[in-house]
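Contents: one structure, followed by commentary.
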Amino acid sequence: MKRRTKQNVGAWPNMRDDTLKAIADELARARKKHPHKGEHIELLINYAAEMFTAFERHSAGKGMAAHAYACAAAVAAMAIRCMEEGDDRFTYSGNRQDAPKFELTP
């Protein structure tokens, strides 16, 4: 992956606030419900498959856009858990730094 050095990396370029908030809310909910490390990659794959199905159903007129959006937020949140916490079955243990306090402001 190429590093972006000419950009303000502290900002969230090209990401809407509501999207970031949905991902952050899902991540907080997931960590509260399942606080321990686990097999995050397998869960990520399962959530991605559910998201695919939700997108297919929506395209066929049988599913709701809100469900597809929620599935996408769950996939993003699980990908962040993989980045930060790793997976019990692999040697990659994630980012060991303490997470900063995070709050969205309007």
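The values are calculated or read from the model by the stated rules, or taken from the named source; none is laboratory data. The structure displayed is predicted, hence computed values, not measured ones. Cβ coordinates were reconstructed from backbone atoms using ideal geometry, including for glycine residues, and neighbour counts include every protein chain displayed. Note: accessible area is taken over every heavy atom of the protein model, side chains too, but ligands, DNA and RNA are not part of it. Shrake-Rupley method; radii C 1.70, N 1.55, O 1.52, S 1.80 Å.
Structural remarks
- Rule-of-thumb Rg ratio for region 12-54 [Cα; 2.2 N^0.38 Å; N residues]: 1.36
- Of the peptides 73-82, 42-51, 58-67, the ranking by mean beta-carbon count within 10 Å, highest at the top, reads 73-82, 42-51, 58-67.
- In sequence order, calculated HN-Hα J values of region 21-38 (Karplus, 6.51, -1.76, 1.60; Hz; x Gly/Pro): 5, 4, 5, 4, 5, 5, 5, 5, 4, 5, 5, 5, 6, 10, x, 8, 5, x
- The residues of region 31-99 present an accessible area of 72 Å² per residue when probed at 1.4 Å with all protein chains retained.
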